[in-house]
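The values are calculated or read from the model by the stated rules, or taken from the named source; none is laboratory data. Keep in mind that what you see is a predicted model, and the values were worked out from it rather than measured. Every residue, glycine as well, gets a Cβ built from its backbone with ideal geometry; the counts of neighbours run over all protein chains shown. These accessible areas exclude ligands, DNA and RNA; they are computed on the full protein's heavy atoms, side chains included. Shrake-Rupley method; radii C 1.70, N 1.55, O 1.52, S 1.80 Å.
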Amino acid sequence: MNDRSIVVLTGAGVSAESGIDTFRDLGGLWENHRIEDVATPEGFARDPDLVHSFYNLRRRKLLSGAVQPNPAHHALARLERELAGDVLLVTQNIDDLHERAGSRNLVHMHGELLKARCGACEALRAVSGDIARTDVCHHCGRAGTMRPHVVWFGEMPTDMDRIVERLARCDLFVSIGTSGQVYPAAGFVDIARRAGARTVELNLDPTDVSDAFEESINGPATETVPPFVDAVLQREAQSTTTRGGRRD
Ligand code: OAD
């Protein structure tokens, strides 16, 4: 069987070596911040300034110049460019490192740090600076409604229909740098397995959900992802040659 239709799920681990903190590792973001305070609609309603300052700091760091895509991001962009099939990259990350590396067929299921959304009219706008409680929506003109375009706990991730449709017909599902603690992403492997897909996990260490995958590869993403992508592309090239160059 070849890997013509691929869904890749990425989590914080793929950006860790670019200098972005993960959530649940030692020293991760959830060690110093309460999820209820900074990543729920209720927390935002209670203390918008605190929530804005949490995401403003993360945005400043992302745009500081010190944070750049790493070889894992670049390898995934190459997979999309070179595979003679289709690749959907689903990321839980709100950074833009996959785009900067060249990935285009990408879903940010937990939103994007570089966008603000109006809580009243849902209009989106690109942001490279801070968002403040007093900001005015460019679309509806209301003040005090702008929020980071991120999905908080208790909210629905974006583009779920498209993601599930692709999982249900993929040949290969790859999960990279995610602890598998947060649903619905943690359940993607089950959908892919039911579809008969090959399932592979790439993570620094074994996770609590490693058993759900056919194969687990451990190590830093910058070292495991590039050779994994090479192997997928080689496998595809060989299967094309075996079929006498026929691309069916
Ligand atoms: P986690 O912090 O839960 O997990 C990161 C995973 O990456 C862990 O399993 C690490 O072992 C692994 N890891 C760390 N460094 C790595 C490296 N260099 N190479 C490979 N793997 C590495 O982050 P996520 O699973 O992404 O949601 O978290 C999922 C969601 O929970 C986030 O999107 C966020 C968070 O709460 C929201 O805020 C809604």
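Excluding E201 itself, calculate the net charge of residues whose Cβ lies under 10 Å from the Cβ of E201, where each Lys or Arg counts +1 and each Asp or Glu counts -1.
With Lys, Arg at +1 and Asp, Glu at -1, the neighbours total -3.
Cβ under 11 Å from H108's Cβ, H108 left aside: what net charge do those residues give with Lys, Arg +1 and Asp, Glu -1?
Result for the local shell: -4.
Using Cα pairs closer than 8 Å and at least 6 residues apart in sequence, work out the relative contact order for region 23-70, in percent.
This gives 18 percent for region 23-70.
Determine the relative contact order of region 1-100: mean sequence separation of Cα pairs under 8 Å and six or more apart, normalised by residue count, in whole percent.
44 percent
What share of the DSSP beta bridges in the chain is antiparallel, in percent to the nearest 5?
Of those bridges, close to 30 percent are antiparallel.
At a 4.7 angstrom Cβ threshold, list every cysteine in the chain that has nobody to pair with, or say none.
C170
May I ask you to give the solvent-accessible area per residue for region 1-126, in square angstrom, as obtained with a 1.4 angstrom probe?
42 Å²
Nearest 500 deg cm²/dmol is fine: what mean residue ellipticity at 222 nm does the chain get from its DSSP H runs of n ≥ 4 alone, each adding -39,500 (n - 2.57), divided by its residue count?
-10000 deg cm²/dmol
Per residue of region 20-29, in order, report the coupling 6.51 cos²θ - 1.76 cosθ + 1.60 (Karplus, θ = phi - 60°) as ³J(HN,Hα) in whole Hz, putting x for Gly and Pro.
9, 5, 7, 9, 10, 6, 4, x, x, 4
Which value, in debye to the nearest 20, gives the size of the charge dipole of the chain about its Cα centre, when Lys and Arg are +1 and Asp and Glu are -1 at the Cβ?
The calculation lands at about 820 debye.
Roughly to the nearest percent, how much of the accessible area of the chain is carbon and sulfur, given a 1.4 Å probe?
51 percent
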